[in-house]
Structure formats: structure tokens, C-alpha cells
Amino acid sequence: MVTDLRAELERIREAHGTAHPSARFRLIKQRLARAEAEAGPVRLTATLAAVEALARSLVVHAPGRPKASAGIRYGQARSVGPLELVQEVLRLHGQPDPAACLGAQTWERFGLADQCRDLAVHECTDVAEAHYPELIEATDKVLESLVEVAGLPRLIPERPAALS
């Protein structure tokens with residue numbers, strides 16, 4: 001069983017690590033749909049994982065990088081955190097300052113969201129529930145910005161101006 005599980009984990013990592021960002025994003029949208037009704041810490045963890053996964057894929061498959069070396073680049077990016085991955089994606093697309101691109105408040109809250117996720121995952125504890133809506137909103141904005149920068153189909157379609 002242990003050997004089979006290790007092999008399965010390696011197959012999943014290899015498949016997801018080298019999958020094109022649009023394929024990764026399709027799976028990310030499914031995962032986020034399942035997390036929509038979850039409580040603050042669970043939803044934040046899922047949303048931040050989505051940002052991390054998409055950003056990693058965008059770094060691995062950045063324009064001008066050969067497809068044949070995607071596995072190597074995935075290995076290099078595998079343990080890089082979400083803030084660094086987002087910064088790298090934005091840099092690769094001509095946006096070297098995340099605070100200027102995303103807004104200072106969103107970028108600051110995204111950093112706090114990462115810290116809250118780590119607290120929930122690694123310390124098995126949570127911040128007050130009242131903080132989660134703004135942290136999730138910031139994380140959603142970062143995800144949407146990655147989608148826009150990469151030219152992927154939008155997660156949430158833009159509403160026509162007349163309906164706003």
C-alpha cells in the first residue's frame with residue numbers, strides 16, 4: 001500500500017506539475033466550486049492553494065520557456081511559496097511591483113492570508129472568523145489577476161457596466 005501510494009503521489013505531481021496552465025485552471029475552478037460553501041479557514045486554504053497552483057504552473061510554463069524542461073522547472077518551483085510565485089508571475093509578465101499591480105491593500109492582505117493559512121494548516125488553529133471575508137476577497141483578487149495576466153478564461157465573468 002505504501003509503495004502504491006508513493007507511486008500515485010509521484011504520478012499526480014508529475015501530471016499536475018507539467019500540465020499547461022489552462023488545464024490546471026480547469027481543475028482549480030472545480031476545486032474552488034466545492035470550497036465555496038466552506039467556512040473561513042477551509043475556504044481560505046482552498047483559495048490560497050488555487051493561487052499557489054496556478055502561479056506555479058504559470059512560472060513553469062512562462063512564455064519562451066521550452067515545454068521539454070517543464071518537469072525540471074516544476075521541481076525548482078515546487079517548494080516556493082505563494083507570494084514568491086505570484087511575484088515571479090507578475091515579473092515575467094512585466095509587472096515587477098505586486099503592490100502597484102494588485103493594489104497595496106490587496107497585496108498586504110494576501111500576505112496575511114498566507115500567514116493565516118499556515119496557522120490553520122501547521123498549528124491547527126484559526127484567527128477570528130470575522131477576518132476571513134477580506135482575506136478570501138484579497139486572495140480571489142490575486143487569482144483573478146493571475147488569470148488576466150496569463151490570458152486565461154476568467155473565473156468570474158465580468159458584469160456588463162449597466163448591471164453594476
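What follows is calculated from the coordinates using simple rules that are stated; it is not laboratory data. Quick caveat: nothing in here was measured; it's all calculated off a predicted structure. Heads up, the Cβs are rebuilt from the backbone with ideal geometry, glycines too, and the neighbour counts pull from every protein chain shown.
Compared with the direct C-alpha span, the chain from Leu112 to Ser22 gains 29.7 nm at full extension, assuming 0.36 nm per residue.
Taking all Cα pairs closer than 8 Å and separated by 6 or more residues, the relative contact order of the chain comes to 24 percent.
In whole Å, what is the distance between the alpha-carbon centres of segment 1-23 and segment 112-137? Using only Cα atoms, the two centres lie 28 Å from each other. What you get for segment 46-100, charging only the Cβ of Lys and Arg (+1) and of Asp and Glu (-1), is a dipole of about 280 debye around the Cα centre. When exposed loop sites are taken as GluC sites (Glu not before Pro) in a DSSP loop with at most 12 other Cβ atoms within 10 Å, the longest stretch of the chain clear of them is 37-122. Which of rounded, prolate or oblate describes segment 57-96 when judged by the alpha-carbon gyration tensor and an a/c cut-off of 1.5? Oblate. The convex hull drawn around the Cα atoms of segment 2-153, when projected onto a plane and averaged over every direction, covers 9.6 nm².
Remark: the chain carries a charge dipole of roughly 820 debye about the Cα centre, counting +1 on each Lys and Arg Cβ and -1 on each Asp and Glu Cβ.
DSSP loop trypsin sites (Lys or Arg not before Pro) in segment 100-148 with at most 10 other Cβ atoms within 10 Å of their Cβ, which ones?
Numbers: sites: Arg109, Arg117, Lys141; in loops: none.
When the trypsin sites (Lys or Arg not before Pro) of segment 100-148 are filtered for loop state and at most 10 Cβ neighbours within 10 Å, nothing remains.
For the pair Ala99 and Val127 in one chain, pulling the backbone fully straight at 0.36 nm per residue adds 7.7 nm over the alpha carbon distance.
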